[in-house]
């Protein structure tokens, strides 16, 4: 079974730690490891390094190779430009279908946290066994919801179709993206909705056939790139053709057109969190809502429900604070209410073309 970890985003919601030159997935957010390193290491020992691939931007290939030195060099696939997730997933699929058309593969993302590693690996292994017997299927791996999230995508599933290794697999019904508060509460209480993680298990051949049917122009361009795979023409072909591909999301290109009968859903509590924003990181790491989450040299007095990350040799001190976010880096100190995190992205975008553009 092959595992592909996508590590191409910039991550402005984790600014000022995450920057264009070194996005969030490469920074030490949890302990002394990046989320990319955690994403790869949680697959061990069920996956070997030769069974892992990383898809990233060309500018970050060397960072990936440094952080995951055990990974074969040609298993780091660098996009010359960003064309959204549709072409990115398609590129990896087009390459793998040449070498491993019927071997199960799982698509994963580098900026997530999964606390129940053993259960997660069991799910992937079991889903891989199901796909090996029925290679014309796709299995979505989801998280049982902990709260009525308005910021995550949801997946609606139906009746139980099979059980393997004491894990139930359900029929797929539909996707919903970022519902309003009332709808999210209804999903939480329904018993047949889960958080959609963007994780799925299938075969390269099945997914490649979906591109051929539903995204023929992307398919045609990627086919030309894949024809040069394992040759000295590959890099030049990639640089020439990939920037011409339609910029389209994976959802729009493939998922929205997928035959529901070809999909299954598994929903378990793997204690998954999307830590792409500071408030999500705190939710993932906190013992309880009023507890503080800190890193580095930090002293807090009469302060609660705050996240304080210090990446310098200075000491950060906060007194009488509530709902605070403080991030201290070598060139930026960010202080705001934790509830104001959504404004960070707009602030970073406003730096474009100003004297502070270098801080992006």
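The values are calculated or read from the model by the stated rules, or taken from the named source; none is laboratory data. Because the structure is a prediction, the values reported are computed rather than measured. Counting neighbours? That spans all protein chains shown, and the Cβs are built from the backbone with ideal geometry, glycine included.
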Reported set for the range 308-332 where residues are more than 13 Å from residue 294 (Cα to Cα) and either in contact (Cβ under 8 Å) with a residue 40 or more places away in the chain or within 26 Å of the chain's Cα centre (by Cα) (or both) is 329, 331, 332
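Sort out which residues of the range 334-360 are outside any helix (DSSP H, G or I) and free of Cβ contacts under 8 Å to residues at least 60 places away in the same chain, and write them in order of number. Full working, then the answer.
As a first pass, look at the range 334-360 and keep what is outside any helix (DSSP H, G or I): 334-337, 341, 351-356, 360.
Across the range 334-360, the qualifying residues are 335, 336, 337, 351, 352, 353, 354, 355, 356.
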Per-region count, the range 206-246, residues more than 20 Å from residue 100 (Cα to Cα) and not in a helix (DSSP H, G or I) = 5
In the range 192-204, is there at least one residue being surrounded by fewer than 17 Cβ atoms within 10 Å (Cβ to Cβ), assigned by TED's automatic domain parsing to the domain that holds residue 269 and free of Cβ contacts under 8 Å to residues at least 24 places away in the same chain?
-> no
Given the conditions (1) in contact with a strand residue (DSSP E or B) (Cβ under 6 Å, 6 or more places away or on another chain); (2) farther than 30 Å from residue 129 by Cβ; (3) surrounded by fewer than 20 Cβ atoms within 10 Å (Cβ to Cβ), every one holds for residue 26 apart from (3)
When you go through (1) surrounded by fewer than 18 Cβ atoms within 10 Å (Cβ to Cβ); (2) over 24 Å from residue 157 (Cα atoms) one by one for residue 95, which number turns out not to apply?
-> (1)
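Considering only residues that are in contact with a helix residue (DSSP H, G or I) (Cβ under 6 Å, 6 or more places away or on another chain) and buried (at least 20 other Cβ atoms within 10 Å of the Cβ), look in the range 30-40 and name the one that is farthest from residue 202 (Cα to Cα). Don't jump to the end; show me each part of the working.
Of the residues in the range 30-40, the ones in contact with a helix residue (DSSP H, G or I) (Cβ under 6 Å, 6 or more places away or on another chain) are 34-37.
When the remaining residues are screened for being buried (at least 20 other Cβ atoms within 10 Å of the Cβ), the result is 34-36.
Values: 34: 27, 35: 24, 36: 22 Å.
My answer is 34.
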So, of the residues in the range 4-22 that are at negative phi and under 13 Å from the mean Cα position of the chain (by Cα), which turns out to be modelled with the lowest pLDDT?
-> 10
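Do we have residue 35 as in contact with a strand residue (DSSP E or B) (Cβ under 9 Å, 6 or more places away or on another chain) and either over 19 Å from residue 307 (Cα atoms) or touching a residue at least 60 places away in the same chain (Cβ under 8 Å) (or both) here? Working first, answer last.
On the way: in contact with a strand residue (DSSP E or B) (Cβ under 9 Å, 6 or more places away or on another chain): yes; either over 19 Å from residue 307 (Cα atoms) or touching a residue at least 60 places away in the same chain (Cβ under 8 Å) (or both): yes.
So residue 35 passes the test.
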